[in-house]
Amino acid sequence: MINRAQDLKKIADYFVYDGAAAKKKFVDGIVENTELHLVSKFPKNANMRYLYTGPRRPRSGRPRQYDGKIRWKKLETDRFDTCYEDDEITIYTAVANSVLLKCNIRIAYIRKKISDSYAILFSTDVNLDGFLIYKYYKARFQIEFLFRDAKQYTGLTHCQARSENKLYFHFNCSLTAVSIAKADFFEKVENQKAPFSMRNITDYYSAKLFLDRILSKLDIDLTSDKFNFDYEELLNTAGALA
């Protein structure tokens, strides 16, 4: 990350990583050696403290910095700002101090309404909106599906070449095949939120190849009214047989 920081800065200002990044050495490495900010996830028992925002006490000594530990299971929501809410989740945000990281960070506390469970996301950019922290982290998770499908269906890990150029070409072909399949899938469905599965794509085109092969051997005019049939219905049947 440090070696490629200048190139990555041209693409984005935020580096999103999973919960493995919630460690002081990792965070310090990103913040101190790059111009990127980190977005990541804390465990549910993260040791965090509220920042003290009250008046300064009329006495000598160091001003008070913190105002108690954050209790995640019994969150004091009045000490947070609500930055987003829908039928499924509520997102609370605040700037707090991380005992582990020894610095102030922006927290996005996501509470699920149905299960009453929660997740704690954070960013080293204390000015970043809590909802954007949620969106950035959620977008990162989509990469997991891309690699999963590439491994299972487009041979991402099947290349035995050792040349850097050949490996680069293979990886790009494998990942591009998944992206093209996904684009083709969403062209066929009206609901853009429909779940995408490479299994459905591979089954569809395997069945199509199977059906077209059979019809080509019949040596008949498929445009004739005599052979009026529902192609998609036959395709689904072929898919079930395949």
Exception for SER60 within (1) touching a strand residue (DSSP E or B) at 6+ places or on another chain (Cβ under 9 Å); (2) farther than 19 Å from ASN104 by Cα; (3) surrounded by fewer than 11 Cβ atoms within 10 Å (Cβ to Cβ) falls at (1)
Residues of the stretch 35-57 being closer than 23 Å to PHE141 by Cα and crowded, with 16+ Cβ neighbours inside 10 Å, in sequence order, are LEU36, HIS37, LEU38, VAL39, SER40, LYS41, PHE42, ALA46
Inset, instruction - Might you check whether a residue that is within 24 Å of the chain's Cα centre (by Cα), among the charged types (D, E, K, R) and exposed (fewer than 11 other Cβ atoms within 10 Å of the Cβ) occurs anywhere in the stretch 125-140? - result: no
Those residues of the stretch 63-87 which are surrounded by 10 or more Cβ atoms within 10 Å (Cβ to Cβ), at pLDDT 90 or above and either basic (Lys, Arg) or more than 20 Å from VAL126 (Cβ to Cβ) (or both) amount to LYS69, ARG79, GLU85
Per the list (1) part of a helix (DSSP H, G or I); (2) more than 27 Å from the chain's Cα centre (by Cα), residue check on PRO58 breaks on (1)
When ALA119 is run through (1) in contact with a strand residue (DSSP E or B) (Cβ under 8 Å, 6 or more places away or on another chain); (2) surrounded by fewer than 20 Cβ atoms within 10 Å (Cβ to Cβ); (3) part of a helix (DSSP H, G or I); (4) not aromatic (Phe, Trp, Tyr), the failure sits at (3)
Among the residues of the stretch 93-116, is there at least one that is over 22 Å from TYR134 (Cβ atoms), at pLDDT below 90, in a loop (DSSP other than H, G, I, E, B) and of a type in the set (S, T, N, Q)? no
Within the stretch 38-55, the residues that are in contact (Cβ under 8 Å) with a residue 12 or more places away in the chain and part of a loop (DSSP other than H, G, I, E, B) are PRO43, LYS44, ASN45, ALA46, ASN47, TYR52, THR53, GLY54
Restricted to the stretch 122-157 and to residues being assigned to a loop (DSSP other than H, G, I, E, B) and among the polar types (S, T, N, Q), the residue nearest to ALA94 (Cα to Cα) is ASN127
Can you confirm whether SER179 is free of Cβ contacts under 8 Å to residues at least 24 places away in the same chain and either hydroxyl-bearing (Ser, Thr, Tyr) or under 29 Å from ILE91 (Cα atoms) (or both)? no
Of the listed residues (ARG199, ARG162, ARG148), the one being of a type in the set (D, E, K, R), loosely packed, with under 13 Cβ neighbours inside 10 Å and without any contact (Cβ under 8 Å) to a residue 12 or more places away in the chain is ARG162
If we take the stretch 163-242, then helices (runs of 4 or more DSSP H) inside it with 1 or more residues that are under 28 Å from LYS151 (Cβ atoms) and at pLDDT 75 or above are 164-188, 198-217
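The values are calculated or read from the model by the stated rules, or taken from the named source; none is laboratory data. Fair warning: this is a prediction, and the values are worked out from it, not measured in the lab. Quick reminder, even Gly has a Cβ in these numbers, built from the backbone with ideal geometry, and neighbours come from all protein chains shown.
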